[in-house]
Amino acid sequence: MSVRIPLIAANWKLHKTLAEAHDFLDKFRENLKLQDVDVVIAPSFLGLHSMAIALKGSPIHLAAQNVYFEEKGAFTGEVSPGMLHDVGCHYAIVGHSERRAIFGEDDTMINQKVRAVFKNSLIPILCIGESLEQRENGETEAVLERQLRTNLEGVVPNQAAKLVVAYEPIWAIGTGKTASSEDAQAGCKFARNVVDEMFNSDVSQSLRVQYGGSVKPDNARELLSQPDIDGALVGGASLDPIDFEAIVRGALG
Ligand code: PGA
């Protein structure tokens, strides 16, 4: 029996002013008792500090949407993992497909980020996933395996056990085309198996694998009931406190 607690994360991307972020929090927290589910919110960098203050003592944790791998120095515009830890972040999303595609992050850089995040006592939410073309060419498993093996190079087992992997098929992100629960389960299970081969079964049974890509209130429960899906990384539907709450409730069975 698995004891993994589901983790539902809101990836707000380039949305919400400070006032909108706090309004969301007020509405979202109004009537939700968080038990048996972990909830994480990833606002813009600018929202992290004041949201950390507002969430003090709350079970809701914060994630950064991105991070750089250097600690300090001449890296104009970047934010280090130590700075994120200092501001009260617990997680950092690393390797989101938008970072890979729009900002040119490659597997080697993502690996540097994963290691830097762990080194600073944060937990990476490592995003992996195949494009539509790769899926149609039958390359899904090869892509996921290559991403995991390169992105997790140099990570040690006790770090990997805390890792969150988000399996996000690129064709399902922001398109309204959710993967079927069978395909989502297959991708998450495959990712867990690769981790099992890379580390050991203690690690693969502890780490959490999320599904992401057009998760909505009406498909969350079925996706989250799959044995290898331990949560969801939610973009569009996480912007609305009522929809996000419904998705969180979907994790409670
Ligand atoms: P979506 O985004 O829920 O809007 O498809 C998911 C993500 O990019 O993490």
Inset, instruction - Could you check how much of the accessible area of segment 115-253 is carbon and sulfur, as a whole percent, using a 1.4 Å probe? - result: 47
Inset, instruction - Work through the residues other than residue 224 whose Cβ is under 13 Å from its Cβ and net out their charges, Lys, Arg +1 and Asp, Glu -1. - result: -1
Inset, instruction - Which order do the peptides 172-184, 231-243 take when ranked by the mean count of other beta-carbon atoms within 10 Å per residue, highest first? - result: 231-243, 172-184
Inset, instruction - Sum up the charges of everything whose Cβ sits under 15 Å from the Cβ of residue 195, counting Lys and Arg as +1 and Asp and Glu as -1, but leave residue 195 out. - result: -1
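Filter the cross-link list 27/177; 56/113; 72/177 down to pairs whose alpha-carbon distance in this structure exceeds 32 Å.
Working: 27/177 28 Å; 56/113 27 Å; 72/177 40 Å.
Over 32 Å apart, Cα to Cα: 72/177.
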Inset, instruction - Count the net charge of all other residues whose Cβ sits under 13 Å from the Cβ of residue 240, scoring Lys and Arg as +1 and Asp and Glu as -1. - result: -1
Legend entry - Mean-position separation - Cα centroids, segment 216-246 and segment 1-61, in angstrom: 14
Legend entry - Residues of segment 7-250: accessible area per residue with a 1.4 Å probe, Å²: 45
Legend entry - Two-site FRET efficiency, residue 221 against residue 193, from Cβ-Cβ distance with R₀ of 25 Å, rounded to 0.05: 0.50
Inset, instruction - Within 10 Å, count the other beta carbons around each residue, average over each peptide in 10-18, 201-209, and list them highest first. - result: 201-209, 10-18
Legend entry - At least 24 Å along the helix axis (C-alpha) and Kyte average at least -1.0, DSSP helices within the chain: 181-198
Legend entry - Virtual spin-label span in nm between residue 78 and residue 136, 7 Å along Cα→Cβ: 3.7
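Show me 210-216, 98-104 ranked by packing, highest mean number of other Cβ atoms within 10 Å first.
By packing density, highest mean first, the sequence is 210-216, 98-104.
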Inset, instruction - Please name whichever of 176, 134, 220 sits farthest to the positive end of the charge dipole of the chain, dipole taken about the Cα centre and charges placed at Cβ: Lys and Arg +1, Asp and Glu -1. - result: 220
Legend entry - Point-charge dipole on Cβ atoms (K/R +1, D/E -1) for the chain, about Cα centre, debye to 20: 600
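The values are calculated or read from the model by the stated rules, or taken from the named source; none is laboratory data. Nothing here was measured: the structure is a model prediction, and the numbers come from that model. Here the Cβ is made from the backbone with ideal geometry for all residues, glycine too, and neighbour counts use every protein chain on show. Just the protein is used for accessible areas: all its heavy atoms, side chains included, with ligands, DNA and RNA removed. Shrake-Rupley method; radii C 1.70, N 1.55, O 1.52, S 1.80 Å.
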